[in-house]
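S.K.: This is the structure, below, for whatever I ask next.
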Amino acid sequence: MPARSIILASRNPGKLAELKQVLGPMGFSIMGLDGLGHIPEPEENGLTFAENARLKALYYAEATGQWCLADDSGLAVDALGGAPGVRSARYAADRCPSGATRKDIDSANRQKLLETLRDVGDEKLTARFVCHLALADAGKIIIEACDTVEGVICRREKGNNGFGYDPVFFLPQRGLTMAQLPPEQKNLISHRGKALRKLAEMLKKTAISS
């Protein structure tokens, strides 16, 4: 397969690393937005993960003139009616000063989530991570993929791996949080890892990467 560049519509280093692990061996050159200078961000006004992934993919494909892969993902907690949902990355925006680092924002998001769920019974803490991927060329969506992983929210943070809500997302079948898994194990079961593998298979089957 010839090398081809794909822009990831994100400045999140964790997402970029996961994408490189899956698509890098297929011969793709992967770059995040940080390597492209200043490109104004689009307004993520979609009501679903799919809508936001599509609008970001199309926007950055047009802005860069290259294939662009957009990921919209987040945490859906049943006791909160699916929240924080599409607002997962900005859940605690009101608590974060301008210029806050991604690490500080993630920490604020987790703290707000645990505070919100403080009086919810353990049996009602079921949740899932959702990931929707959209790959776009200028003016059109090429392929899309979506997947989830089920778990429960734990009462305190555990583990130092991963990012986002990983330290409070407990996997009963593993007896660990997502943040306690080594990266290679996380990618085998995570919502993003599964969606990326689906997308990779679509690339192979459609032969659009040849």
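S.K.: Residues in segment 140-166, backbone N under 19 Å from the label point at Lys103 (7 Å along the Cα-to-beta-carbon vector): list them, ranges by number please.
M.R.: 157-166
S.K.: Additional query: Could you work out the equivalent-ellipsoid semi-axes for segment 42-180, taking the square root of 5 times each eigenvalue of the Cα gyration tensor, largest first, in whole Å?
M.R.: 29, 17, 13
S.K.: Return the distance in nm (one decimal) between the two label points of a simple spin-label model at Ser5 and Leu188, each offset 7 Å from Cα along Cα→Cβ.
M.R.: Taking the two extended label points, one gets 3.5 nm.
S.K.: Could you give the distance between the Cα centres of segment 52-71 and segment 140-190, to the whole Å?
M.R.: Distance between centres, Cα-based: 25 Å.
S.K.: Compute the label zone of Arg155 within segment 114-133: residues whose backbone N is under 12 Å from the point 7 Å along Cα-to-Cβ.
M.R.: Within reach of a label on Arg155, which here means backbone N under 12 Å from a point 7 Å along Cα→Cβ, segment 114-133 contributes 118-123.
S.K.: What residues qualify as long-range amide H neighbours of Trp67, i.e. H under 5 Å apart, gap of 5 or more or another chain, H built at 1.01 Å from N?
M.R.: Under 5 Å from the amide H of Trp67: Ile7.
S.K.: Could I ask something else about it? Counting only DSSP beta bridges with both residues in the chain, what percent are antiparallel, rounded to the nearest 5?
M.R.: 75 percent
None of the figures in this text is laboratory data; all of them are computed from the coordinates on show. Because the structure is predicted, anything quoted here is derived from the model rather than measured. Every residue, glycine as well, gets a Cβ built from its backbone with ideal geometry; the counts of neighbours run over all protein chains shown.
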